[in-house]
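Peer 1: Dropping the structure in here first, questions after.
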Amino acid sequence: MSSKEKAVLVTGGAGYIGSHMVLTLLEAGYAVVVLDNLANASQESLRRVAKLAGTAPEFVEGDIRDRQCLDALFAQYAISHVLHFAGLKAVGESVAEPLRYYENNVFGTLTLCQAMATAGVYRLVFSSSATVYGNGQPLPIHEGLPTGRPTNPYGTSKLMVENMLQDLARADERWSIALLRYFNPVGAHASGRIGEDPNGKPNNLVPFIAQVAVGRREALSVFGNDYPTPDGTGVRDYIHVLDLVEGHLAAMNVLVSRSGASVWNLGTGRGYSVLDMVQAFEHASGQPVPYRVEPRREGDIAECWADPARAYQELGWQASRGLDDMLADTWRWQLANPEGYAGPNKPAH
Ligand code: NAD
Ligand code: WQD
């Protein structure tokens with residue numbers, strides 16, 4: 001990449017959502033720089049992205065908390081937008097190690113913004129989460145609702161960053177910031193070459209079901225069947241990761257002619273229960289998914305789905321892939337990579 005060519009910086013670009021974002025950007029003709037400290041990723045994801053795209057992103061192994069590293073990166077590349085995925089995301093871990101989460105997610109984002117301002121880069125897309133709405137919201141959840149009280153430090157870190165970015169945009173009109181509140185991202189690229197590769201026991205439903213179907217785990221624990229939902233199990237708005245990253249492309253385009261901080265939900269507007277997901281996965285994979293019902297998981301809400309109208313009206317974006325695609329793509333990735341990126345014959349990072 002020539003030093004004058006405008007590029008998009010993707011922090012956390014080696015991770016699950018980031019790697020799909022990088023592929024989509026390369027396919028759309030953008031030059032891409034990835035910054036990732038590989039805390040929860042392998043560079044193998046980016047090698048595969050490069051093969052799929054026929055062109056590679058620039059890769060900087062580094063940390064968003066490292067100001068010197070950021071300054072050197074912004075001096076080397078002409079960055080037009082920052083898509084900021086880097087952060088820690090395990091809810092249970094955040095309860096046990098809150099300072100690590102606040103340092104990575106809050107201090108890391110603060111440092112990134114300082115470096116951006118020094119470099120004169122003011123367009124930022126932030127990976128927020130529906131968790132900032134907290135409990136007890138009327139459904140579907142729209143962006144006009146006040147944010148609530150997240151039930152864990154991970155969620156609080158997302159809300160703190162949102163508040164910080166709102167303040168920043170209010171203080172200086174050069175900033176143009178998208179706060180994208182993701183519902184439940186699932187699925188993988190249709191090639192089966194990149195996907196979600198959780199460390200150890202998956203916290204999230206779909207990766208767990210996939211590992212049961214492929215025989216890595218014996219049975220799914222269904223966390224509660226006594227919620228006030230149609231079948232008693234929790235209901236969520238699952239969204240295909242490719243729809244999600246396409247929402248970022250749409251936001252990037254809109255930021256060019258917008259100032260301030262804007263909030264958009266990225267969801268489908270449809271909810272599915274845990275048992276719906278089990279059944280749909282059995283159908284997509286042709287494998288049984290045994291499960292047992294266990295007590296509710298602390299901090300879980302009964303149901304949650306998005307009102308995606310604002311993203312449609314303002315970004316011209318809506319999710320187009322249905323549950324069958326989400327789960328067929330998850331299964332293709334899981335079957336081809338039963339051990340994720342760390343399987344046999346695959347280079348370690
Ligand atoms: P992920 O863990 O796969 O990706 C995050 C990436 O950031 C990893 O590659 C990791 O190595 C990197 N990273 C972490 N700390 C870093 C640091 N200090 N400096 C540089 N790199 C660092 O997670 P993901 O699922 O791809 O999530 C991406 C973003 O979206 C995160 O901010 C997450 O909180 C947010 N989000 C995810 C979900 C979800 O369900 N996956 C839902 C809502 C929001
Ligand atoms: C979905 C449903 C569980 C696992 C979490 C974070 C949120 C966001 C996305 C990042 C719920 C049930 C789950 C299992 C189960 N992350 N379940 N057995 O809880 O909506 O959101 O991930 O921002 O912040 O809180 O997603 O996939 O963990 O759970 O029965 O082994 O599946 O109770 O109803 P959740 P999830």
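The values are calculated or read from the model by the stated rules, or taken from the named source; none is laboratory data. Model, not experiment: these values are computed from the prediction. Cβ placement follows ideal geometry from the backbone for every residue including glycine, while neighbour counts extend to all protein chains displayed.
Peer 1: Pick out the one residue from Gly87, Gly15, Gly92 that is under 21 Å from Pro198 (Cα atoms), touching a Phe, Trp or Tyr at 6+ places or on another chain (Cβ under 7 Å), touching a residue at least 12 places away in the same chain (Cβ under 8 Å) and not aliphatic (A, V, I, L, M). Lay out the reasoning, then the answer.
Peer 2: Details: Gly87 fails: touching a Phe, Trp or Tyr at 6+ places or on another chain (Cβ under 7 Å); Gly92 fails: touching a Phe, Trp or Tyr at 6+ places or on another chain (Cβ under 7 Å).
Only one candidate passes the filter, namely Gly15.
Peer 1: Additional query: Only one of (1) out of contact with any Pro (no Cβ under 6 Å at 6 or more places or on another chain); (2) closer than 18 Å to Trp305 by Cα; (3) surrounded by 22 or more Cβ atoms within 10 Å (Cβ to Cβ); (4) of a type in the set (S, T, N, Q) is not met by Ser157, so which one is it?
Peer 2: (2)
Peer 1: Then there is this: What are the residues in the range 18-38 that are free of Cβ contacts under 8 Å to residues at least 60 places away in the same chain and within 7 Å of ligand 1 (Cβ to nearest atom), if any? If you could, list the steps in order and put the result at the bottom.
Peer 2: Here is the first cut: in the range 18-38, the ones free of Cβ contacts under 8 Å to residues at least 60 places away in the same chain are 22, 26-27, 29-37.
Of everything in the range 18-38, those that are free of Cβ contacts under 8 Å to residues at least 60 places away in the same chain and within 7 Å of ligand 1 (Cβ to nearest atom) turn out to be Leu35, Asp36, Asn37.
Peer 1: So, of the residues in the range 108-138 that are surrounded by fewer than 20 Cβ atoms within 10 Å (Cβ to Cβ), small (Gly, Ala, Ser) and within 16 Å of ligand 2 (Cβ to nearest atom), which turns out to be modelled with the lowest pLDDT?
Peer 2: Residue satisfying both the conditions and the ranking: Gly136.
Peer 1: Can you find even one residue in the range 336-346 that is modelled with pLDDT of 95 or more, in a helix (DSSP H, G or I), over 21 Å from Leu180 (Cβ atoms) and away from ligand 1 (no atom under 16 Å from the Cβ)?
Peer 2: Looking through the range 336-346, at least one residue is modelled with pLDDT of 95 or more, in a helix (DSSP H, G or I), over 21 Å from Leu180 (Cβ atoms) and away from ligand 1 (no atom under 16 Å from the Cβ).
Peer 1: Working only within the range 14-29, note down all residues that are under 14 Å from Thr55 (Cβ atoms) and among the small types (Gly, Ala, Ser). Give the derivation first.
Peer 2: Let us first name the residues in the range 14-29 that are under 14 Å from Thr55 (Cβ atoms), namely 22-29.
Of everything in the range 14-29, those that are under 14 Å from Thr55 (Cβ atoms) and among the small types (Gly, Ala, Ser) turn out to be Ala28, Gly29.
Peer 1: On to the next question. Assess whether Ile64 counts as being closer than 14 Å to Leu35 by Cα, under 19 Å from the mean Cα position of the chain (by Cα) and aliphatic (A, V, I, L, M). Working first, answer last.
Peer 2: Working: closer than 14 Å to Leu35 by Cα: yes; under 19 Å from the mean Cα position of the chain (by Cα): yes; aliphatic (A, V, I, L, M): yes.
For Ile64, the condition - closer than 14 Å to Leu35 by Cα, under 19 Å from the mean Cα position of the chain (by Cα) and aliphatic (A, V, I, L, M) - is met.
Peer 1: Within the set of pairs 6 or more residues apart or between chains, which connect a residue that is basic (Lys, Arg) inside the range 245-260 to a residue that is at pLDDT 95 or above and surrounded by 15 or more Cβ atoms within 10 Å (Cβ to Cβ) with Cβ atoms less than 7 Å apart?
Peer 2: Final answer for the pair search is Arg258/Ser176.
Peer 1: Within the bounds of the range 212-222, is there any residue that is touching a residue at least 40 places away in the same chain (Cβ under 8 Å) and within 16 Å of ligand 1 (Cβ to nearest atom)?
Peer 2: Taking every residue of the range 212-222 in turn, none turns out to be touching a residue at least 40 places away in the same chain (Cβ under 8 Å) and within 16 Å of ligand 1 (Cβ to nearest atom).
Peer 1: Within the range 153-174, how many residues turn out to be farther than 19 Å from Ala96 by Cβ, out of contact with any helix residue (DSSP H, G or I) (no Cβ under 7 Å at 6 or more places or on another chain) and assigned to a helix (DSSP H, G or I)? So that I can check it myself, show each step before the final result.
Peer 2: From the range 153-174, those farther than 19 Å from Ala96 by Cβ are 159, 161-174; that's our starting set.
Keeping just the survivors that are out of contact with any helix residue (DSSP H, G or I) (no Cβ under 7 Å at 6 or more places or on another chain) gives 163, 165-167, 169-174.
So of that shortlist, the ones also assigned to a helix (DSSP H, G or I) come out as 163, 165-167, 169-171.
Total satisfying the criteria: 7.
To keep it simple, each residue is scored yes or no on (1) β-branched (Val, Ile, Thr); (2) away from ligand 2 (no atom under 12 Å from the Cβ); (3) out of contact with any Cys (no Cβ under 7 Å at 6 or more places or on another chain).
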position: Asn184; (1), (2), (3): no, no, yes
position: Ile194; (1), (2), (3): yes, yes, yes
position: Pro202; (1), (2), (3): no, no, yes
position: Val206; (1), (2), (3): yes, no, yes
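Peer 1: Also, quick follow-up: Show me the strands (runs of 3 or more DSSP E) entirely contained within the range 198-293 in which 3 or more residues are closer than 30 Å to Trp317 by Cα and under 20 Å from the mean Cα position of the chain (by Cα). Can you show your working first?
Peer 2: Numbers: elements: 220-223, 238-240, 260-266.
Ranges flagged: 238-240, 260-266.
Peer 1: Kindly provide the set of residues from the range 112-136 that are of a type outside the set (S, T, N, Q) and part of a loop (DSSP other than H, G, I, E, B), ordered by number. Show your work before the answer.
Peer 2: Start the filter on the range 112-136 by keeping residues that are of a type outside the set (S, T, N, Q), which leaves 112-113, 115-117, 119-126, 130, 132-134, 136.
Result: Gly120, Val121, Tyr122, Gly134, Gly136.
Peer 1: Give Leu52, Leu46, Leu73, Leu112 a once-over and let me know the one that is within 14 Å of ligand 1 (Cβ to nearest atom), in contact (Cβ under 8 Å) with a residue 40 or more places away in the chain and in contact with a helix residue (DSSP H, G or I) (Cβ under 7 Å, 6 or more places away or on another chain).
Peer 2: Values: Leu52 fails: within 14 Å of ligand 1 (Cβ to nearest atom); Leu46 fails: in contact (Cβ under 8 Å) with a residue 40 or more places away in the chain; Leu73 fails: in contact with a helix residue (DSSP H, G or I) (Cβ under 7 Å, 6 or more places away or on another chain).
Being within 14 Å of ligand 1 (Cβ to nearest atom), in contact (Cβ under 8 Å) with a residue 40 or more places away in the chain and in contact with a helix residue (DSSP H, G or I) (Cβ under 7 Å, 6 or more places away or on another chain) holds for just one of Leu52, Leu46, Leu73, Leu112, which is Leu112.
Peer 1: Condition (residue is of a type in the set (S, T, N, Q), away from ligand 1 (no atom under 16 Å from the Cβ) and in contact with a strand residue (DSSP E or B) (Cβ under 6 Å, 6 or more places away or on another chain)) applied to the range 316-327: is it met by at least one residue? Show your work before the answer.
Peer 2: If we filter the range 316-327 for residues that are of a type in the set (S, T, N, Q), which is where we start, we get 318, 320.
Narrowing further to those that are away from ligand 1 (no atom under 16 Å from the Cβ): 318, 320.
The next check asks that each one be in contact with a strand residue (DSSP E or B) (Cβ under 6 Å, 6 or more places away or on another chain); those that pass are none.
No, the range 316-327 has no match at all.
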